[in-house]
Each structure stands twice: as structure tokens, then as C-alpha cells.
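Below is one structure, written out as C-alpha cells; the observations come after it.
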Amino acid sequence: MKANDGRPTRKIREHHQAILHQLAQMKDTIGHLERGELKSIEDGLKQSSKFLDNELRPHAEWEEDSLYPPIGELLKKYGKPTATMEIDHDDIKTRIDQFRNDVAAFLSLSHAPKGREELGRQLIRNAWQLEAIVSLHLRKEEEVYLSLADSHLTEKDIQAILGGEH
Ligand SMILES: [Fe+2]
Ligand SMILES: [Fe+2]
């Protein structure tokens, strides 16, 4: 669904689209930096830093103060609390597929160093993103899920969950 449809949350979704757009611009700026194209990127760097401080951080704080409390109530009543973590898994699995395919393509281009350049950059980007997403995901599991399990489940419960898997 589009961000600007008739849903009551459209303003928030539109703001998310604007944030993604600005993040893409920030990525462009950083791309110039990576390639050593240093001319006139000062403005881009300043803008990126301003955007993070003046827009992204307040957005997160507004969500914690104003959006999450009512959503928390809805989640208890109607939601699936683990759905967000499953979205993380979905993204991680897509990146695993991408990485495997890029590695295969990279290896098949052993005699074409030019062709390897772009793939190499893609592999680096994906590895960095995977590291960021997986480390955040594990932090969420440990700080929220596993600490709940430690407080409310017994060793025996955990053994049953682990089953033959571990
Ligand atoms: Fe948000
Ligand atoms: Fe997980």
C-alpha cells in the first residue's frame, strides 16, 4: 500500500518515506566520500548530520512518548507481539540469499576484475548491513525476550523449548 492513501496513519507513513529519502541522500553523500570524490560534499555531510539530529532523533523520541503507548495497548489486545521480530528474520533471510548469490557471482568473475568491483562494493554494503541488523536483533532478543524467559520460565521449560535443537 502507498504511504499517502486514506489510512489514518498516513501522515506518519509519509514522514517515514521522507526519512527514507533523506537516508538515501545521505548514502549518496557517503558514496562520494568512499570514492574519494571530496569536492563539494561538505554541504551534504552537514545536511546529513543535521537531518539525523533534528529529524530522525526527535521522530524516535516522539514515537516513544506519543505513539508507542497507545500501540502497546493495541498490541496487547489485537496484535502479535513477535511480528516485528519476524520481519527482522525475513529481512535477514533475504540478505543471506543476496550474499550467497553475490559470492557465487563474484567467484565466477575471477578473470574479470572490473566486473568484480561493483559486486565487491555490494558485498561490503550487505556485510555491514547484516552486521548492524543482526547485532540489533540479537540485542532485542536478549534484552527483551530472553530476560523475560529468565524471569518467568524454569530450566525445565527452557529445556523443553530447546528440544533437540541445541
Ligand atoms: Fe518511525
Ligand atoms: Fe532471531
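One table, with the values for the structure above:
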{"quantity": "Per-residue [θ]222 nm for the chain (sum of -39500 (n - 2.57) over DSSP H runs n ≥ 4, rounded to 500)", "calculated": "-23500 deg cm²/dmol"}
{"quantity": "Theoretical gain in end-to-end length, H137 to L20 [0.36 nm per residue, Cα-Cα removed]", "calculated": "40.1 nm"}
{"quantity": "Under the Karplus curve 6.51 cos²θ - 1.76 cosθ + 1.60, θ = phi - 60°, whole-Hz ³J(HN,Hα) for the stretch 144-149, x wherever Gly or Pro sits", "calculated": "10, 6, 5, 6, 5, 4"}
{"quantity": "Which listed pairs, of K80/K156; K93/K140; K80/K140, have C-alpha distances above 22 Å, in listed order", "calculated": "K80/K156"}
{"quantity": "Environment charge of A149, counting only residues whose C-beta is closer than 14 Å and scoring Lys/Arg +1, Asp/Glu -1", "calculated": "-4"}
{"quantity": "Options L67, L56, M26, ranked by Cα towards positive dipole end of the stretch 1-79, top entry (Cβ charges)", "calculated": "L67"}
{"quantity": "Total charge dipole magnitude, the stretch 3-133, about the Cα centre, Cβ charges on Lys, Arg, Asp, Glu only, Debye to nearest 20", "calculated": "300"}
{"quantity": "Prolate/oblate/rounded label for the chain (Cα gyration tensor, a/c 1.5)", "calculated": "oblate"}
{"quantity": "Per-selection Kirkwood Rh - the stretch 80-166 (Cα, Å, 1 d.p.)", "calculated": "15.7"}
{"quantity": "Farthest positive-ward along the chain dipole, Cα basis, beta-carbon charges - from I92, H15, S147", "calculated": "H15"}
{"quantity": "Inter-site label distance for I41 and T154 at 7 Å from Cα along Cβ, in nm", "calculated": "5.9"}
{"quantity": "Inter-part distance where the stretch 1-72 and the stretch 113-166 are each reduced to a Cα centre, Å", "calculated": "25"}
{"quantity": "Separation of the I12 and V103 label points, Cα + 7 Å toward Cβ, nm", "calculated": "3.9"}
{"quantity": "Residue-count net charge about R139 - beta-carbon cut-off 13 Å; Lys, Arg +1, Asp, Glu -1", "calculated": "-4"}
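Each reported figure results from applying straightforward, stated rules to the coordinates on display, with no laboratory input. Since this is a predicted model, take the numbers as computed values, not measurements. Heads up, the Cβs are rebuilt from the backbone with ideal geometry, glycines too, and the neighbour counts pull from every protein chain shown.
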